[in-house]
Amino acid sequence: MGKMVRFDPAFYNGKKVLITGDSGFKGSWLSLLLWHYGADVVGYSLPPRTPEDHYHAIGLDQKIDHVDGDLADMGLLKATFDYHKPEIVFHLAAQPLVRLSYEEPSNTFLTNVQGSINVFECVRLCSSVKSFICVTSDKCYKNKEWIWGYRETDELGGHDPYSASKAALEVVFESYRLSFFDKIPGLGVSSVRAGNVIGGGDWSLDRIIPDCVKAIQSGEPILIRSPEATRPWQHVLEPLSGYIRLAQFMYEDPKGYSGAWNFGPNNTSHKSVLEMVKEVVDCWGTGEIRIEKNENNPHEAGFLHLNCDKANNYLDWNPVWNFKQTIKETVDWYRAVGKEDFSIKQITNFFNGVK
């Protein structure tokens, strides 16, 4: 490992940053976060899916340069790199849903693997890039349903098409790192893997928090299909704080910090779906829970969590909000009136607690 670098959000002031997937849940939070700290942000992604998405709620189109583009459009993607000449690149654009991957396996592999290869090519050919982070998933690990956390060196694999696409992406990323990126002086590259991310502004299909909010707001019961499934719940700002910390460290010591990194919550945040939904109901003050098991549901992991010793020790990164505060901050966002101001307030409060 390279020299120890001190994290400073002010590092991003004036930096040219390109984010793929800026219209998505995590991407919009990352874009707002870096804009808040003075970065010159360029986003590349498909348009937001709904008018309620976080991208629209915070007026992101008025804060950053955004390009409507598909990862498959190599000409437009490369032109975006060539024109904006980013110093730091975060690749988040993906097909992110496990259940949808069963319905659209070909599109899932095309987007998550071939689309990412197009990004890798642009990074390889763009001399301005100094730091590149490829966001994959904790589901890239071959899930053996064991009780201890997966380390960055553990076996990759995937039962469902989404998980398999992320494992395949990790293999391709490592090939590009060893074959090309490591040979470019001054370029640091890493893949990052996070757990189940929640927070305000997520209206994606087939996600438990949006399902809870929609049900509570409409007076309908919250339907749970896998109550015993245990997940490492974390607020969206937790892994993002790790990504931006790592990107800064690689910018200042490119080869010292390149590699694979896990960013997950503490063990106390590993809760079942039922426990998490009960906490949402308690925080909201209302809501009915109904369990609807269906033996025909496609396979999903029962238990999977990450060992984050590497990030803890070498990046001095640790989770800030515990499980209860994560749920409270999430519920508070959905109940707030001014979403734009509230998102900035949560960013400020969160980073005031970061070392």
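The values are calculated or read from the model by the stated rules, or taken from the named source; none is laboratory data. Predicted, not measured: the structure shown is a model, and the values here were computed from it. Using ideal geometry, Cβ is built from the backbone for each residue, glycine included, and neighbour counts are taken over all protein chains shown. Protein only, heavy atoms only, side chains kept; ligands, DNA and RNA dropped before computing areas. Shrake-Rupley method; radii C 1.70, N 1.55, O 1.52, S 1.80 Å.
Taking 0.36 nm per residue of sequence separation and removing the Cα-Cα distance, the LYS324/ILE117 pair yields an extension gain of 70.7 nm. Placing +1 on each Lys and Arg Cβ and -1 on each Asp and Glu Cβ, with no other charges, gives the range 224-275 a dipole about its Cα centre of roughly 120 debye.
List the chymotrypsin sites (Phe, Trp or Tyr not before Pro) within the range 142-246 that fall in a DSSP loop (any state other than H, G, I, E or B) and whose Cβ has at most 15 other Cβ atoms within 10 Å. List each step's numbers first, then the result.
On the way: sites: TRP146, TRP148, TYR150, TYR162, PHE173, TYR176, PHE180, PHE181, TRP203, TRP233, TYR243; in loops: TRP146, TRP148, PHE180, TRP203.
Hits after loop and neighbour filter: TRP146, TRP148.
Between LYS345 and SER175, the modelled labels are 4.9 nm apart [label points 7 Å from Cα along Cα→Cβ].
Placing a pseudo-label 7 Å from each Cα along the Cα-to-Cβ vector at THR268 and ILE291 gives an inter-label distance of 2.7 nm. In terms of accessible area, using a 1.4 Å probe and ignoring ligands and nucleic acids, LYS85, LYS15 rank largest first as LYS85, LYS15.
Would you work out the charge dipole size for the chain about its Cα centre, treating the Cβ of every Lys and Arg as +1 and the Cβ of every Asp and Glu as -1, and quote it to the nearest 20 debye?
With only Lys, Arg, Asp and Glu charged at Cβ, the dipole is about 820 debye.
Helix 237-252 and the longest principal axis of the Cα set of the chain meet at an angle near 10°. The count of lysine pairs in the range 71-229 whose Cα atoms are under 28 Å apart, excluding pairs fewer than 8 places apart on the same chain, comes to 14.
Which value, in debye to the nearest 20, gives the size of the charge dipole of the range 204-355 about its Cα centre, when Lys and Arg are +1 and Asp and Glu are -1 at the Cβ? About 140 debye. A dipole drawn for the range 180-221 from +1 and -1 charges on Cβ atoms has a positive end, and of ASN196, GLN217, PHE180 the residue lying farthest that way is PHE180.
Could you calculate the contour length gain from ASP182 to GLU104, that is, 0.36 nm times the residue separation minus the distance between their Cα atoms, to one decimal place in nm? Between ASP182 and GLU104, full extension yields an extra 24.7 nm.
The accessible surface of the chain, taken with every protein chain in place and a 1.4 Å probe, is 50 percent carbon and sulfur.
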